[in-house]
Amino acid sequence: MTVTAPDTVPYDNDIAPAAALMADPTRAAILRALVPDRPLAAGELATLAGVSAATASFHLAKLLDGGLIAVARQGRHRYYRLAGYPVAAALEALGLISPAVPVRTLRQSREAVALAEARTCYDHLAGRAGVALLDALLRRGMLQAEKPKHHFSRTSSGDSPANRFEVTGAGAEALGSFGVDVAELRRARRSFAGECIDWTQRRGHLNGALAAAITARLFALGWIQHGPRRRSVLITLAGTDGLTTTFGWDPTQLPWIITPIQRGVSIHDPGKA
């Protein structure tokens, strides 16, 4: 008797092609540069990867063929970005099992501190700030762990209920006042609210459509802004007040806070203390 499996049910995942693409140092550098979800031109990626334009073009073609990145045309220019959040999640997960790159310069030391404190993980907040935000949402009762509907329940992305969250009634009301429409987010094709194990903190930060919406709103309100270093995020003075009031999280313990000085803005940089 021949058993025919439904076309919609995969037998297994072939990770070798994607792993082989990521294994090349130049391609890995290109992918890491695209994790903040900012489109970059081939020339910018070549500079960040430390290779020639021709070499970068060769590797970009490989990544495009493998489906790990996408390209958009704007006039005569081509801009590259990751193919989606699953690629960023895979890169972050690899960081958990990869050896650390030793800090060799003062610039690298300052960048390492910035990334550990607050950064973007594709389109949501990560680092110590991201972990603290998830803690605050749970502590204030805005989120709670999702209750399993049955044993061994898993989503199509492989998440288990242990690392998925649902918004409480009080949380939906508070997030609505904050400017995030929870009902609309639930209709998105992307997973709603899960957990990434943060590779710098070794603890979870919020991911999914909810995390992306909260982070986008934080940027729109000016509570956070992109920092001067790769992927880094700065929390503004308005953000310290807003985060405390809205989420019950006082971020003043983070060293990367913008503070006003006479005619401009100064950034507290631990490396310059």
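What follows is calculated from the coordinates using simple rules that are stated; it is not laboratory data. Model, not experiment: these values are computed from the prediction. Ideal geometry is used to build each Cβ from the backbone, glycine not excepted, and the neighbour counts take in all protein chains shown.
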Checklist entry - Spin-label point model (7 Å from Cα, Cβ direction): what's the Arg140 to Arg202 distance in nm? => result 2.9 nm
Checklist entry - Given the Cα atoms of the stretch 16-83, and with Rh set as the inverse mean 1/r over their pairs in the Kirkwood sense, what is Rg to Rh to two decimals? => result 0.93
Item to check | Per DSSP, loop chymotrypsin sites (Phe, Trp or Tyr not before Pro) in the stretch 25-102 with at most 14 further Cβ within 10 Å | outcome: none
